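In what follows, a single structure is set out as structure tokens and then discussed.
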Amino acid sequence: MAFLVEVAESGELKLPAEALGTVEPHTTFRVEPLGDRLIISPATDIQRTGNEQAPSRRSQEFREWANRPRPPAPDLDDEALRRENIYE
């Protein structure tokens, strides 16, 4: 059975639930453009990198980054942050 879907202005492609069959929620897929076609296949753990990490892992890494000590930096006075002074 074929389904018609439309690409949103943001580039999102939403598939109806009937088109997915028994795919579990939060399953990661690999999308490969091939000319005027897209090949969509389940991603293996080896293919998952960078922004494709599990949300819990990304949030843990963000918290670790946010809790690191900040490097020393000079203080800026209010005058330095005025709009007309930023571009000097």
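Quick one: which helices (runs of 4 or more DSSP H) lie wholly within the chain and hold at least 1 residues that are more than 20 Å from the chain's Cα centre (by Cα) and at pLDDT below 85?
83-86
Can you run down the residue pairs with Cβ atoms below 6 Å, 6 or more apart or on separate chains, where the first is in segment 5-32 and without any contact (Cβ under 8 Å) to a residue 60 or more places away in the chain and the partner is among the hydroxyl-bearing types (Ser, Thr, Tyr)?
Arg30/Ser41
Under the condition of being surrounded by 10 or more Cβ atoms within 10 Å (Cβ to Cβ) and among the hydroxyl-bearing types (Ser, Thr, Tyr), which residue from segment 1-44 is farthest from Pro55 (Cα to Cα)?
Going through the qualifying residues, I end up with Ser41.
The values are calculated or read from the model by the stated rules, or taken from the named source; none is laboratory data. Since this is a predicted model, take the numbers as computed values, not measurements. FYI the Cβ positions are ideal-geometry reconstructions off the backbone, even for glycines, and counts take in every protein chain you see.
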